[in-house]
Structures are given as structure tokens and as C-alpha cells.
Amino acid sequence: MDKHELLGRVRALIENIQGVAFIVPEDTGYFSIDDDMVRQVRELMAQTIEVLRDLTDFYDAESAAHGEKDESQAADGDFLKEIGAQISSELAAREVSSLAFVARGQLLEMQEALAGALKNRQVWGVASYADSGLRHVGKALIAAESAICEYEGLPANDRRWVDLADSLEIRRLYAQFRRAILRGSDPSNAVELTKWLRGAFTRIAILRDLEIYPFLRIDDRRSIKRLQKRIESWLNKEEGCSDEVGFRLCEDLTSFARLLIKINDREELREHDRQVVTTAHRMLFSPARPATQLVAGHRKELERLLGRDDELDQLILHIDEHVPEDLREPLEKLMRHLNRPYEVPVAEPSGLV
């Protein structure tokens, strides 16, 4: 097996994966998963694990070969001239191998978790692990393709596994939902509590009717649905639905709403925001031509950040009332945050509520 065959296998899998949309149908509480779709996801995970293993072996051998070449040239007069290039090649091969090794380990854990959920008939677990597994497969293969192309000096494809437009829309939606839920989220008596929970129930119903809702991550949808059922039970005064239960429900719902801001930790949104903030800061505060007022072009650029930060959102939403200098501190604060190293943890089913 050579590098061209390995790269071909990676690219073929990427094409196959990009044709798969794992969407779980829901209708009035009915929940189901297409068995063929789950089988397809499991096959793609298995094939990806296999190709990542072969990549690890191939580039481990490449790294070792470069090391042996270094030693054989130790007595050669040209050794000092070539040693820099040889060490660089050895490290580059090791990087491809390490990337494939780590990605394979994560997928093996995901594969085992999915198999366990299937064995135990945990329907939501199956959906969540299949959804997470498919996303990890896509990201691992695209990262591997990019690393191989860089090592081999080949042109790389500009691929994005996620749909950035969907991610941005979901972030804006989560920000609106979070703010709506947190308003008045500290009721002082049963009357205020009932009013607040009725409003929250309506807000969730609106959320679930939106076209983008099926594209929310399954764990988020699961939590939203559970909260909606708990609110409905309390409002209908079902058995055991005391005021104490209602206040606890209020706390759970507000905790969930606050957690939604973690959507900003998604890799694609961090990279997008980093680029937008850099561009916006340059547009507004370039030493050569600083902006003296905020115009439509500034608004359009900054609106791509809606949902990122509540303080910045308020400035953007009421931009006509502000001057460029009002944006300096929040933009520079965000730039510092986004430029810090960050590693997104492996997603697991949340089970928050």
C-alpha cells in the first residue's frame, strides 16, 4: 500500500460521509431511528478506524525510515547539509501518524459506546453516539487528508465538515432562547412561577417548530424535550407536582439555558469568530484610516458574531446608538479570548436533565 492509495481511501470515505445526514425524526413525542442509517454510520466508523490504523502504520514506517537515513549519513560529508531537512521530514511523518493514532483511539471509544447502547436498547444513546460518531469521523478524515497533503506537498482541498451557516443560525437561536428563559427566572412565589413556566413552555414550543430544530445536536434536543415534558406535567398539576418541584424545575431550566452558551466552544465557530473579530477590528481601528462612525458595512460584519457574547450583542443590535470606540474594549477582549489555545473535549451524551 502506498501514500496515493491511502489518500484515495481517505477521500473516498469523506465523499461517502458527506452524503450522510443523520436526522432523527420526531413527531408529537414519537421517536425513531432508521436501522439502515445506524448500520451505515457503524460501517463508516469501522472503515475510518481501519484507514486510520493503516495511516498510523504507514507514517510510523516513514518516520523510522527517515531516522535510519540520518544515521546512515552520519559519516557522509553532506550529512550536516541535509540533517535539517531529514529531521523535518521525520517529525512531519510522525505528526501524521500521531494525528491518525489519536483520532482512531477516540473513534474506538465511540464505536464501543454505540455498540453498548445498541445492545442495551438505549434508543437515545444510540442516536447520540451515532450522531457524535459521524461528526468525529468527518473531522478525523478531513484532518488526516490535510496532514497527508501537507506532508506529501500535494494541494489540499478546502473542506468543511460542518455547515457554518447552520452553526451560526443555531447560535443566534440559542442566544435568543437563553435570554428569553433567563428573564424573570427568579420567581418569588407560586403565581410568578406559574407565569414564568408557561412562558418557558411557549418558548420551547416555538423552538421545536423551527425548521432548524432537527439539525440541533441530539443531546440538546433530548434535554429540551425532557424539560418540555416536565413543565407540561407541572402546569397540568399532575401527581407530585408541588411548588417545590416547580422551583427546582425553574433552576434546571435556567442551568440548561446558561449551558447553551458553550456552543461558542465549537471549533468551526471559534475559527469563524477569530477571523470576523480581526477583520472588524481592522475596519474600525486601523491606524491609517480609523472609522469615525458606524455604517451599514460595519453592522453586516459584526452581525456574524450575534450570539457570541451578550454585551457585544447589545452593542450590535443597537449599533445606531453607538460610536466605533464603544466597540473597542469588547472586541479586543474577545480577540484575546479567541487567540488563547483551546482544545474542544470529546462530546459525550450530556444527561443533564
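Here is how the numbers come out for the structure above:
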item	result
Solvent exposure ordering (accessible area, 1.4 Å, most first) of Trp124, Trp234	Trp124, Trp234
Glu112 - accessible surface, heavy atoms, 1.4 Å probe, Å² rounded to 10	140 Å²
Sequence of Thr56, Thr202 when ordered by accessible area, the most exposed leading, probe 1.4 angstrom	Thr202, Thr56
Geometric extent, Cα atoms of segment 146-234 - Rg, Dmax (angstrom)	19.8, 68
Out-of-range pairs (alpha-carbon distance over 22 Å; input Lys229/Lys262; Lys139/Lys262; Lys119/Lys262)	Lys229/Lys262; Lys119/Lys262
Spatial separation of Cα centroids for segment 112-152 and segment 188-241, in angstrom	30 Å
Backbone HN-Hα couplings from phi across segment 264-277 [Karplus 6.51/-1.76/1.60, Hz, Gly and Pro as x]	5, 7, 4, 4, 5, 6, 4, 5, 4, 5, 4, 5, 5, 5
Segment 229-335, relative contact order in percent, only Cα pairs under 8 angstrom and at least six apart counted	23 percent
Whole-Hz couplings from phi, Karplus 6.51/-1.76/1.60, listed for segment 281-295; x for Gly and Pro	5, 5, 4, 8, 10, 4, x, 6, 9, x, 6, 9, 8, 8, 10
Residue-wise HN-Hα coupling along segment 182-190, computed from phi with Karplus coefficients 6.51, -1.76, 1.60 (Hz; x: Gly, Pro)	6, 5, x, 7, 10, x, 9, 8, 5
Segment 172-311: relative contact order as a whole-number percent, Cα under 8 Å and 6+ apart	33 percent
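The values are calculated or read from the model by the stated rules, or taken from the named source; none is laboratory data. Because the structure is a prediction, the values reported are computed rather than measured. The protein model used for the area step is the full one, side chains on, heavy atoms only, and it has no ligands, DNA or RNA in it. Shrake-Rupley method; radii C 1.70, N 1.55, O 1.52, S 1.80 Å.
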